[in-house]
1. Rounding to the nearest 10 and keeping the result within 0 to 90°, find how far the Cα-based axis of helix 246-264 lies from the longest principal axis of the chain.
2. Taking the chain as a Gaussian network, where each spring joins two C-alpha atoms under 10 Å apart, which residue of Gly87, Gly203, Gly164 fluctuates the most?
3. Return the percentage of antiparallel bridges among DSSP beta bridges fully within the chain, rounded to the nearest 5 %.
4. Wrap a convex hull around the Cα atoms of region 192-233, take a quarter of its surface area, and give that in square nanometres.
5. Per the helix-only calculation at 222 nm, which mean residue ellipticity applies to the chain, given -39500 (n - 2.57) for every DSSP H run of n ≥ 4 and division by its residues, nearest 500 deg cm²/dmol?
6. Suppose each label sits 7 Å from its Cα in the direction of the beta carbon; what would the Tyr7-Arg192 distance come out to in nanometres?
7. Going by alpha carbons, how many degrees (0 to 90, nearest 10) lie between the helix axis of 126-140 and the longest principal axis of the chain?
8. Describe numerically, in nm with one decimal, the distance between label points set 7 Å from Cα along Cα→Cβ at Glu262 and at Arg92.
Amino acid sequence: MVSIDTYNACVDFPIFDAKSRSMKKAFLGAAGGAIGRNQDNVVVVEALKDINLHLREGDRVGLVGHNGAGKSTLLRLLSGIYEPTRGSADIRGRVAPVFDLGVGMDPEISGYENIIIRGLFLGQTRKQMKAKMEEIADFTELGEYLSMPLRTYSTGMRIRLALGVVTSIEPEILLLDEGIGAVDAAFMAKARDRLQALVERSGILVFASHSNDFLAQLCNTALWVDHGQIRDAGLVPDVVEAYEGKGAGDHVRRLLTRIEEEKQA
């Protein structure tokens with residue numbers, strides 16, 4: 001059974017040279033947690049503290065919070081990149097971590113070859129990616145550029161390629177960190193349809209996003225992460241309202257009403 005269970009999970013980053021202001025600032029900027037000391041009296045940034053999650057198949061969870069609140073750290077904990085320094089994390093299922101759309105891509109090889117490489121990075125086989133090659137190529141609309149080295153691509157073109165691969169997989173647990181702003185509006189609309197289909201194929205989704213529109217479209221619950229802790233949990237509009245205010249919550253409610261009406265039409 002696909003599941004995510006964390007019990008008082010904590011992630012601490014040690015700062016061995018606590019006298020160095022620049023190092024402390026760098027860690028705080030990356031992790032956004034509180035400064036404390038561990039049992040060995042080493043100064044640490046408490047990036048995540050006492051995280052308790054119990055997710056099952058069908059759960060679609062959005063993460064909201066300011067930059068540095070701990071959303072990306074939480075995704076890395078759930079993916080197994082970070083081990084809890086205290087507490088525990090039990091993840092059951094094939095995980096597809098999508099944090100940086102450029103990870104696993106080589107600037108010196110062609111777009112076609114990068115489709116294979118990126119797919120392997122996401123846990124697919126070479127045979128599976130070859131079978132999806134034509135469909136991914138059609139989606140990206142990159143044409144002859146797919147035969148050229150990735151270093152010749154613009155940022156938007158790279159995102160198109162990465163999105164084509166990411167949205168072709170069938171994960172049991174999808175961990176998604178939004179980072180897809182550098183594409184034109186028409187392609188973004190097309191990508192949203194594919195992201196929706198990807199989510200529907202996934203057993204569990206955990207999605208960190210600053211877009212309330214995306215959260216309304218893809219998630220059924222949300223968590224507000226603040227200074228490495230879960231500050232609020234519940235339905236998407238309620239959590240967005242707690243985080244951003246009543247106007248934002250009402251906006252999400254209107255979006256959800258419109259989405260439901262479109263489904264019934």
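Any read-out appearing in this document is the output of simple, stated calculations on the displayed coordinates, not a laboratory observation. Just so it is clear, the model here is predicted, and its values are computed rather than measured. When we count neighbours, we look across all protein chains shown, and the Cβ atoms used for this are built from the backbone with ideal geometry, even at glycine.
1. Here the helix axis deviates by roughly 40 degrees.
2. Evaluated over the chain, the most mobile residue of the options is Gly87.
3. 60 percent
4. Directional mean of the projected Cα hull area for region 192-233 stands at 3.3 nm².
5. It lands at -13000 deg cm²/dmol.
6. With each label point 7 Å from Cα toward Cβ, the separation is 4.1 nm.
7. Tilt of helix 126-140: around 80 degrees.
8. Rounded to a tenth, the inter-label distance reads 3.6 nm.
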